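This report refers to the structure that appears directly beneath it.
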Amino acid sequence: MRLVLAAVCLAALSADAFAAQVPATSTVDAVTVFLSGAEVTRLAKVHLDKGEHTIVIGDLPASAVPGSIRVEGRASGKLDIGSVDTARKLLQRAESEAADAQRRMLEERIQSLKDQRSTVEGQALAAKTQKKLIANLAQLPTRQPSQSGPATPLDDWPKVLALIAQATTDASKLSLDAAQKIRDIDRQISDADNQLSTLAPARTEQTEVRIHVIAQSPLDVDLSVRYQVPEAHWAPLYDARLQTGSKTEPPKLALDRRGAITQRTGENWDGVAMSLSTSRPSDGSSAPEIDTQTVDFEPEARPVAASAPPPAPMAMAKRAEPQMELGFDRAKSADGAMEAEETVAQLKVAPFDATFQVPGRVTVASTGEAKRVLLSSETSEPALGCRSVPKLDTNAYLYAKIKVAKGTPLLPGSAYLFRDGTFVGTGELPLLQPGETYDLGFGVDDQVKVKHAVLEDKRGESGLISTSHVDSRNFQVNVKNLHERPIDVTILDRVPVSQNDDIKVEMTGRVSPTTQNVDDKRGVLAFQARLEPDEEKILEYGYRVSWPAAKSVVYGP
C-alpha cells in the first residue's frame, strides 16, 4: 500500500491526546540539487502495534520549507492516515544524543582523574611531612643532651645516621613520583577538557513532523519524507584539455563537465544518491503582467491657490486609512507570492531542463565548501585557429572551436584550460545550446608571429587652398605560421566611426577586410587568412578621415 501525503498544517486529531507517540529516526538517502535550492529525501522505518499512533520525525533541518514537505510510505498492512503536522522546535538529534553519551563519559573520566589527583596530592603531602621529621632527626647530634634523660650512646649514631639517609631517599622518591603522577593526570584532564569543548551542543533547532495514523493490525512502515531547502545550489565547471596534435595527428579536445555543489542547510549529506538538475524551482512559473502606458500633452500650469489650513487630526486619520489598508493588501499579496513560489510543482521542460545522476554515493558537508563531481566527458576534434589584435597586443592567441553535441546545453560557467598537459589559465563559457559553436581561447600561440607597424600617420589640409581637413593612417601587419600544419589566422582592428554626416571615413590600402562590424560592433574589422606552414602574409591597410576646415574633430577612446 503506497501512501502519498501532503504535509500541510492541519488541526491535529482530537484523539491525538490518547495516541501513542512513536519516535522515528530518519537518514538522508537522496538529494536533488537545483541551480538554486535542493530537494532532500529522508528514509525512516517504524513498527506499529494495533491502534492509534503519532509517528514523530524530529531530525529535519530548521531550513526545511514547510509547504514543501511531502510524506510517502509503504506499509505491510492496512494503515489509515489522519493528518500530518509540522513545527519548528528545539529538538535533540540522534547525533546530539551520541554527543551527550560521549560527553557523560568524558565528564566521568575527568571526575575520576580529579579523584586520582587528590589521592596523589595526599601522598605528596605525606612525603613533605616525612622530610620535615627527618630534618629534625638529622639535627639531634648537634643538640645538647637533656639533663633529665640519658644521652644517646656514640656507638648508636652510625645506625641513626644510616636510618636518616635511607628515610630521606625514600621520602624524595615518594615526592618525585607524586609530582610526575600529578603532571600526567593534569595532562589527561586537559585533553579530556579539549575533547569536551569540541562536542556539538546537545539541542538544536529542527523541524518536527508528526504523522497521525491508525493501524488496523501490527505492521511495519517504511516512510519517505521529501522537502526543499533554500541554502543549497550547484554551479557548472569545465575542464577543457586540448591536445594540439602534429602534422600527422589531428587536434583533440576533451571537455569534462563538472558540478560544484555547496550547501549550508544545517544537515550533512553523508553517502547520499546525488542528482543535479538544471531547472530553477525558485524562478516562478509565468511571465510578469504588463499594463497599458499612455502619453498625453503636459497639462497647462494653473495659478497656485492660497494654502488651506492643515487638516484636522481626525481628517488626517481618515485619509490615512485607505493608504494603510492598501499597504496591508500589498503585504498580503507579497506573502502569497512567496508561498506560491515555494510550493510550485517541479516541472521539467524539455529540451532545456536536464538532470544529471552522479554515480555512486556522495558526501557534502553543511559548511559551504564546494564538492566537485564529474558529470560527463566528451572528446572531439576541434578546428584550431589564431586570433590577434596587433594594435593592442602583438601576441597571437590559440582558439579551439567547440560545437555542442546533441542533448543538454552547456550552462554558463568557468572553464579550466589545459593545453598539451599544461595549465594555461581560466576562461568563461556562455550558455550554449545543442548545435551552437563557440571559440574558446587557450592562451598565447608562440608558433604564430605577428608584427605591427605604422606606415603613415598624417594630419593636415588637402591642397594649398583647401576647405577640409584630412587625417591619413596606414598600417602594415606581418603574420607568419611556424606550425607544421596550416592554420586559420584572424587579425582584428578598427577604424573610426563617423557620428556626423560632415565627417567622412574611407578605407585605404591594398587589402580589404574580410568582415566588417564584427560581432555587431561598428568599425571593428577582421582580416582572415589560411596560412600554410612557414608561410608569411603581409597586410597593408588604413583609413582616411576628412571634415570641414572650419571645424575640429575629437577621436573617441
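Normalised by the number of residues in the stretch 398-449, what is the relative contact order in percent for Cα pairs under 8 Å and 6+ residues apart? Intermediate values should be presented prior to the final figure.
Values: 93 pairs, mean separation 24.3, N = 52.
Contact order relative to length: 47 percent.
For the stretch 457-557, calculate the relative contact order in percent as a whole number, restricting contacts to Cα pairs under 8 Å that are 6 or more residues apart.
Details: 198 pairs, mean separation 40.2, N = 101.
Result for the stretch 457-557 is 40 percent.
Could you give the length gained by full extension between ASP222 and LYS114, i.e. 0.36 nm per residue of separation minus their alpha carbon distance, to one decimal place? Walk me through the numbers before you get to the answer.
Working: separation 108, 0.36 × 108 = 38.88 nm, distance 4.82 nm.
Once the chain is fully extended between ASP222 and LYS114, it gains 34.1 nm.
Run the simple label-point estimate for ARG183 and GLU506 please: 7 Å along Cα→C-beta, distance reported in nm.
Going from the ARG183 label point to the GLU506 one covers 9.8 nm.
At a 10 angstrom cut-off on C-beta neighbours, averaged per residue, how do the peptides 252-264, 416-428 rank from highest to lowest?
Highest mean packing first, the order is 252-264, 416-428.
Sequence gap at least 6, Cα distance under 8 Å: using those rules, report the relative contact order of the stretch 194-289 to the nearest whole percent. Working shown, then result.
Values: 58 pairs, mean separation 20.5, N = 96.
21 percent.
Hey, got the dipole for the stretch 448-548? About the Cα centre, +1 on K and R Cβ, -1 on D and E Cβ, debye to the nearest 20? All intermediate terms of the calculation are to be shown ahead of the outcome.
Working: 15 positive and 17 negative charges, 24 e Å.
Dipole of the stretch 448-548, to the nearest 20 debye: 120 debye.
In whole angstrom, how far apart do the alpha carbon centroids of the stretch 481-496 and the stretch 499-530 sit?
Answer, in whole Å: 17.
Tell me the label-point distance for the pair ARG264, SER380, using the 7 Å Cα-to-Cβ offset, in nm and rounded to one decimal.
3.7
What residues qualify as long-range amide H neighbours of VAL22, i.e. H under 5 Å apart, gap of 5 or more or another chain, H built at 1.01 Å from N?
THR54, ILE55, VAL56
What is the distance, in nm, between label points placed 7 Å from the Cα along the Cα-to-Cβ direction at GLU121 and at ALA549?
10.9
Calculate, in nm to one decimal, what GLU249 and PHE423 gain on full extension: separation in residues at 0.36 nm each, minus their alpha carbon distance. Before the final figure, lay out each step's value.
Values: separation 174, 0.36 × 174 = 62.64 nm, distance 2.15 nm.
This chain segment gains 60.5 nm when fully extended.
Ranked highest first by the average count of other Cβ atoms within 10 Å around their residues, in what order do 34-40, 543-549 fall?
The peptides rank, most packed first, as 34-40, 543-549.
With θ taken as phi - 60° and the coefficients 6.51, -1.76 and 1.60, list the Karplus ³J(HN,Hα) couplings across the stretch 108-115 in order, rounded to whole Hz; mark glycine and proline as x.
Computed from phi, the couplings for the stretch 108-115 are 5, 5, 4, 5, 5, 5, 5, 5 Hz.
Give LYS132/LYS173; LYS252/LYS451; LYS50/LYS89; LYS458/LYS537; LYS371/LYS403 a once-over and call out the pairs whose C-alpha atoms are over 21 Å from each other. Numbers along the way, then the final one.
Numbers: LYS132/LYS173 15 Å; LYS252/LYS451 29 Å; LYS50/LYS89 29 Å; LYS458/LYS537 26 Å; LYS371/LYS403 28 Å.
Violating the 21 Å Cα-Cα cut-off are LYS252/LYS451; LYS50/LYS89; LYS458/LYS537; LYS371/LYS403.
Can you give the FRET efficiency for SER197 and LEU90, using 1/(1 + (r/R0)^6), R0 = 25 Å, r = Cβ-Cβ distance, to the nearest 0.05? Intermediate values should be presented prior to the final figure.
Details: r = 21 Å, r/R0 = 0.85.
With R0 = 25 Å, the Cβ-Cβ based efficiency is 0.70.
If packing is taken as the mean number of other Cβ atoms within 10 Å per residue, what is the order of 512-518, 288-294, highest first? Could you put the intermediate results ahead of the total?
Working: 512-518: 14.3, 288-294: 4.7.
Top of the packing list down: 512-518, 288-294.
Laboratory data are not the source of any read-out in this text; all were calculated from the coordinates shown. Because the structure is a prediction, the values reported are computed rather than measured. So basically every Cβ, Gly included, is an ideal-geometry build from the backbone, and we count neighbours across all protein chains shown.
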